[in-house]
Amino acid sequence: MMEPAEADGKIKRLTGEEIVSLFRERLGDGVVDTRVDVYTNGVRKKPFESVWIRVKRENFRDAVKLLAEVHSPLHISVASGSDIGDEIELIYHFQVYWGMGGGQISVSIGSRCPKSDPRFPSVSDLVPGAIITEREKQEFLGVVMEGIPDGRQLFLSESLPPDVHPWRKDEEELKKLEKYIRNVHDEGV
Amino acid sequence: MSKCSYTLPIGPVHPALKEPTMFKFVMDGEIVKEVDVQPGVNHRGIEFIGMRRNPLQVLHLAERICGICSIVHQYAFTMASEKAAGINDIPERAQYIRTIMAELERIHSHVLWAGVAAHELGFDTLLHWTWKLREDVQDVLEYISGNRVNYAMYYQGGVRRDISPEKIPRIKEMISAYRREFQKLADAFLEDPLFKHRTVNVGVLTKKDALETSAVGPTTRGSGVPKDVRVDQPYGGYADLDLKPCLPEQMGYPNTGDTYAKTVVRILEVGQSLDIIEFCLDNMPPGPIRWEMNVNKVLMHMKKAGGEAIGMTEAPRGEMIHYVRLDPGDENVSAWKVRASTYNNIIAWQKMLVGAQIADVAIVAASIDPCIGCMDRVTVVDGETGKEGVMTKEDFYRLSVRKTRRLRRMKGKPSGGGW
């Protein structure tokens with residue numbers, strides 16, 4: 001692990017757009033889509049940036065390694081996940097340039113995997129703080145985090161069979177949930 | 001597992017907890033060797049419910065995730081859904097009111113924590129005194145919003161209630177009352193020899209571990225990691241303040257990451273919150289408090305809009321993040337992920353508990369401010385004989401109190417504050 005940047009000026013700070021260009025340059029076709037959102041706050045209209053990068057599944061680990069080159073150690077906030085029809089999307093929300101008195105950039109790296117092959121590379125070895133959120137994604141979305149050091153069930157009750165994934169939204173999963181959640185069809189998907 | 005070690009399960013559930021947790025300790029005599037945390041025993045599936053509701057309904061759901069820091073969940077969800085729907089011009093006055101509410105809540109949460117920490121060590125007079133102190137800020141929260149727990153102040157595009165000029169003197173009165181009591185609060189905890197004895201070098205989180213585990217809030221700041229969303233990525237009224245993260249060294253205590261250091265951080269933050277509230281009251285911009293007065297119009301706008309965003313706030317316990325995705329034409333929130341601060345501190349917790357004494361488990365577990373109530377049932381299994389016995393939270397608490405009394409006798413003098 002690299003030493004953290006203690007103060008401003010020790011490392012070269014990139015802007016959101018520069019981070020995007022770096023990813024496009026280094027990962028080439030692996031980058032599917034990018035976006036930089038800028039938000040202003042307060043009377044002073046002070047801006048901060050939120051960068052969104054979507055990559056192919058096979059490039060996901062490289063993308064996280066590349067972000068660690070931007071600012072290390074990486075701070076992971078959480079990984080969010082959702083069912084988007086035939087695919088499952090996972091987005092890892094990282095923060096770079098923290099602890100510098102301002103200018104922290106949120107970098108969200110997302111990737112998708114088909115429901116027919118729900119495998120996803122784990123990054124818990126690169127970012128140890130990711131383990132809790134990866135364990136959660138496994139049980140709630142039914143993705144298999146490949147290489148996860150500890151893949152046990154975390155939040156869901158032991159009485160819920162391991163093949164029930166509450167955040168899946170397809171009819172097949174809803175049928176499985178019927179047994180455990182009252183009026184699940186009234187709730188809709 | 002060595003011959004003399006045994007497993008000590010603690011937990012799993014207590015009604016007072018926002019995140020009930022089950023601990024499994026592998027003990028060697030009185031020392032914790034390994035820890036496994038198994039949360040989720042009372043997982044309520046709030047995200048599941050939220051993904052079947054519209055953003056205005058989710059607002060109320062978000063506020064009910066936590067009974068102590070309810071407002072920061074609503075704050076994070078409001079910001080995430082506003083950004084996802086492209087509502088970016090939030091009135092400045094509303095941004096300031098949001099900041100004031102969030103800081104009032106931080107004071108109440110930190111003072112509440114201080115009381116819990118005192119109770120875990122057996123200082124019940126101090127518990128009652130700090131909770132009496134907390135009533136002042138609770139009264140002001142009620143004065144502004146009409147509520148003591150779920151304030152229902154925020155919604156997409158602004159806030160529901162204004163802080164009108166005639167309300168300001170009452171809030172300022174509270175600020176001066178806290179300033180008068182502040183030194184007493186700091187002394188009661190930080191100058192007491194017994195409190196020091198129970199917290200210094202207890203439950204240490206090293207800076208390296210804090211960085212590796214992405215720990216957040218006072219837990220990480222106690223170890224000298226200057227992470228604070230209000231400073232790193234200022235949102236709302238915080239953008240106009242030049243804040244610095246509170247670290248123990250500001251009070252002349254090294255950033256050791258022990259329980260004492262975390263206490264120092266929280267006490268410093270109470271003072272910082274008072275300054276922030278005062279700044280916001282003095283510099284409150286004029287103007288409207290809502291982007292759109294008609295709630296139905298807000299809802300219609302969000303129904304048509306599509307997008308995704310994250311909302312981040314600094315909760316009393318640390319960074320809090322909500323992810324929201326809205327699909328055009330779909331009234332409901334399509335994706336919602338809530339990440340409360342304790343979620344990121346679980347792994348740090350494990351690191352802190354290893355090496356702790358059994359009687360210190362209560363205060364170390366409380367040091368990340370998770371609501372210690374989860375320890376309501378403890379089964380002790382003797383590894384050699386397989387004999388089981390049940391310890392309640394009461395037994396556990398008694399062990400902790402006994403240790404304080406033993407130390408007091410050993411020191412041969414009463415504790416500093418006279419309580």
- Note on the structure: Listed residues A:Arg54, A:Arg168, A:Arg35; largest mean-square fluctuation, Gaussian network over chain A with Cα springs below 10 Å, found at A:Arg35
- Message: Need one number: % antiparallel among DSSP beta bridges in the protein assembly as shown, to the nearest 5.
- Response: 90
- Query: Distance from the Cα centre of region B:183-256 to that of region B:66-93, in angstrom?
  - Reply: 26
- What full-extension length gain, to one decimal in nm, is calculated for A:Glu18 and A:Lys176 as 0.36 nm per residue of separation minus the Cα-Cα distance? 52.3 nm
- Query: How would you rank B:Tyr323, B:Tyr143, going from fewest to most other Cβ atoms within 10 Å of each one's own Cβ?
  - Reply: B:Tyr143, B:Tyr323
- Message: Apply the Karplus curve 6.51 cos²θ - 1.76 cosθ + 1.60, θ = phi - 60°, to the phi angles in region B:351-357 and return the couplings in whole Hz, x for Gly and Pro.
- Response: 5, 6, 7, 5, x, 6, 7
- Message: At R0 = 22 Å, how high is the FRET efficiency between B:Met410 and B:Thr125 if r is their beta carbon distance? Nearest 0.05 is fine.
- Response: 0.55
- Message: With a cap of 12 neighbouring Cβ atoms within 10 Å, and only residues DSSP puts in a loop, list the trypsin sites (Lys or Arg not before Pro) found in region B:15-110.
- Response: B:Arg44
- Selection from B:Trp336, B:Trp349, B:Ala315 lying farthest towards where the dipole of region B:315-371 points positive, charges on Cβ: B:Trp349
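Taking a cut-off of 20 Å, what percent of all Cα-Cα pairs in chain A are separated by more than that?
Working: 10540 of 17766 pairs.
The proportion of pairs with Cα distances above 20 Å equals 59 percent.
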- Message: Which one, A:Ala63, A:Phe94, A:Ser116, projects farthest toward the positive side of the charge dipole computed for region A:16-151 from Cβ point charges (K/R +1, D/E -1)?
- Response: A:Phe94
- Give, in nm to one decimal, the length gained when the segment between B:Glu292 and B:Glu142 is fully stretched (0.36 nm per residue of separation minus the Cα-Cα distance). 51.5 nm
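If you average the sequence gap of Cα pairs under 8 Å that are 6 or more apart and divide by the length of chain A, what percent do you get for the contact order? Walk me through the intermediate numbers first.
Numbers: 317 pairs, mean separation 30.4, N = 189.
In percent, rounded to a whole number, it is 16.
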- Relative to the longest principal axis of chain B, what angle (0 to 90°, nearest 10) does the C-alpha long axis of helix B:124-145 take? 10
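Considering Cα pairs under 8 angstrom that are at least six residues apart, work out the relative contact order of chain B and quote it in whole percent.
Working: 817 pairs, mean separation 112.7, N = 419.
Dividing the mean separation by the residue count of chain B yields 27 percent.
Nothing charged except the Cβ atoms of Lys and Arg (+1) and of Asp and Glu (-1): what's the magnitude of the dipole of the protein assembly as shown about its Cα centre? Round to the nearest 20 debye.
Working: 80 positive and 85 negative charges, 268 e Å.
I would put it at about 1280 debye.
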- Message: Output the 0 to 90 degree angle, nearest 10, between the alpha-carbon long axis of helix A:60-70 and the longest principal axis computed from the alpha carbons of chain A.
- Response: 30
- Message: If each DSSP helix of 4+ residues adds -39,500 (n - 2.57) and the sum is divided by the residues in chain A, what number results at 222 nm, nearest 500 deg cm²/dmol?
- Response: -7000 deg cm²/dmol
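Given Cα positions, please report Rg to Rh for the protein assembly as shown, the hydrodynamic radius being the Kirkwood one.
Working: Rg = 23.8 Å, Rh = 24.9 Å.
With Rh from the inverse mean 1/r over Cα pairs, Rg/Rh is 0.95.
Express the Stokes-Einstein translational diffusion coefficient of chain B in µm² s⁻¹, to the nearest whole number, given a Kirkwood radius over alpha-carbon pairs, 37 °C and a viscosity of 0.692 mPa s.
On the way: Rh = 22.3 Å.
In µm²/s, the coefficient is 147.
List the GluC sites (Glu not before Pro) within region B:175-213 that fall in a DSSP loop (any state other than H, G, I, E or B) and whose Cβ has at most 12 other Cβ atoms within 10 Å. Don't skip to the answer; put the middle values down first.
Values: sites: B:Glu181, B:Glu191, B:Glu212; in loops: B:Glu191.
In loop regions of region B:175-213 (DSSP not H, G, I, E or B), the sparsely surrounded GluC sites (Glu not before Pro) are B:Glu191.
By counting other Cβ atoms within 10 Å of each Cβ, how are A:Arg152, B:Arg179, B:Arg198 ranked from fewest to most?
On the way: A:Arg152 10, B:Arg179 13, B:Arg198 23.
With the fewest neighbours first, A:Arg152, B:Arg179, B:Arg198 line up as A:Arg152, B:Arg179, B:Arg198.
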- Query: How do B:Val324, A:Val64 rank when sorted from fewest to most other Cβ atoms within 10 Å of their own Cβ?
  - Reply: A:Val64, B:Val324
- Task: Quick one: angle between helix A:16-27 and the longest Cα principal axis of chain A, in degrees between 0 and 90, rounded to 10, please.
- Result: 70
- Note, region A:79-96: 3J(HN,Hα) by Karplus (6.51, -1.76, 1.60, θ = phi - 60°), whole Hz, Gly/Pro = x, goes 10, 9, x, 8, 8, 10, x, 7, 10, 10, 10, 10, 10, 9, 9, 10, 10, 10
- In sequence order, what are the phi-derived ³J(HN,Hα) couplings for region B:58-73 according to the Karplus relation 6.51 cos²θ - 1.76 cosθ + 1.60 with θ = phi - 60°, rounded to whole Hz, with x for glycine and proline? 5, 3, 6, 5, 4, 5, 8, 5, 10, x, 9, 10, 4, 6, 5, 5
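Throughout, read-outs are computed from the coordinates displayed, never taken from laboratory work. If you're wondering where the values come from, they're calculated on a predicted model, not measured in any experiment. Every residue, glycine among them, receives a Cβ derived from its backbone with ideal geometry; neighbour counts consider all protein chains shown.
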